[in-house]
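Take a look at the structure below.
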Amino acid sequence: MSVVIALPPEQGVPVLDMRNKLTIFQGLDNPNRWQGPFRSSPNRWKTADGEAVVSALEAAKASPVSRPLGPLAQTRTQSEARHELADGDVIIPEDDELEVAAELQAAGTAHTEIQYLLLKLGAEMGFDVHVARNDQGKVWEGQRLGGLPRRREQIPQQFDPATNQTIELIDVLWLDGNAIVAAFEIESTSSIYSGLLRMSDLLAQQPNIAVPLFLVAPEQRRAKVIEQVNRPTFGRMKPPLVEVCRYISFEGLRESLTSVRDIVSYLKPDWLQKISESCAPEDL
């Protein structure tokens, strides 16, 4: 067996960034149970999961990002050092794992809510909608995302297979015939990098595509969104990601939807420009 891709720990792909891409995160009745497939004896994963992991690792290798190791990883390192010295059992405090689980559960709930709101909004505005293929089984307010009105089974097929694989993983698409009216990536945890990579992949594969891209994240993450969109990696793209990607806050989306509840069917796509903001650094 040979090593295909090797990354240092600080440049690895955070598993929680892939919660919307891997089937192991779906249908959990206990948020802690996502850890099982990583800790148990190796088993064959679904093809889609394997492809998602390989894609994420290739992207991380091509554009490495160093992240400080989290407190749980630091605790493990320190505990292992104590193990070497004392030759005793390594005890990992459970508080950190519970904190991660709580974050995952809260983030997953918010992500599903915003995804539902955007799908419902697009349908009520008269567009077909597409939800990321790994999210179709999620449920909000008793409705399965994959069963919402005007959900289209297939994305437009005018692109090459590599582009289609990227597009079908984007959280929400609004479609008008074969045209993509708007694309939304929703980020509700501490990292926003996975959504940006999908957007950058789309632009890299189709540099002439004219699709309004929106990154939707909590207001408290606004500064981080703008910082990440302006990373040098994305600035070297043509066009730079900052020129085509705009930011919408969770709070702003909810408030805006409340204010237009009675006229949603009359809205046009450019309404999104009014409720979103530029990611240019001066707008921080």
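Looking across region 204-216, the residues that are outside any loop (DSSP other than H, G, I, E, B) and either touching a Pro at 6+ places or on another chain (Cβ under 7 Å) or over 23 Å from Ser249 (Cα atoms) (or both) come down to Ala204, Gln205. Picking from residues in region 147-180 that are assigned to a helix (DSSP H, G or I) and surrounded by 17 or more Cβ atoms within 10 Å (Cβ to Cβ), the one that is modelled with the lowest pLDDT is Thr163. All conditions in (1) surrounded by fewer than 17 Cβ atoms within 10 Å (Cβ to Cβ); (2) touching a Gly at 6+ places or on another chain (Cβ under 9 Å) hold for Arg231, with the sole exception of (2). Please go through region 110-129 and give me each residue that is over 11 Å from Leu145 (Cα atoms) and aromatic (Phe, Trp, Tyr), ordered by number. Within region 110-129, Phe127 is the sole residue that qualifies.
Whether any residue in region 249-260 is in contact with a helix residue (DSSP H, G or I) (Cβ under 8 Å, 6 or more places away or on another chain), not hydrophobic (A, V, I, L, M, F, W, C) and not in a helix (DSSP H, G or I) is what I want to check. Looking through region 249-260, at least one residue is in contact with a helix residue (DSSP H, G or I) (Cβ under 8 Å, 6 or more places away or on another chain), not hydrophobic (A, V, I, L, M, F, W, C) and not in a helix (DSSP H, G or I). The C-beta contact set for region 168-187 (first residue within 17 Å of Gly146 (Cα to Cα), second residue assigned to a loop (DSSP other than H, G, I, E, B) and small (Gly, Ala, Ser), distance under 6 angstrom, 6+ apart or interchain) comprises Leu169/Ala132; Asp171/Ala132.
The values are calculated or read from the model by the stated rules, or taken from the named source; none is laboratory data. No experiment lies behind these values; they were computed from the predicted model shown. Virtual Cβ from ideal backbone geometry, glycine too; neighbours counted across all protein chains shown.
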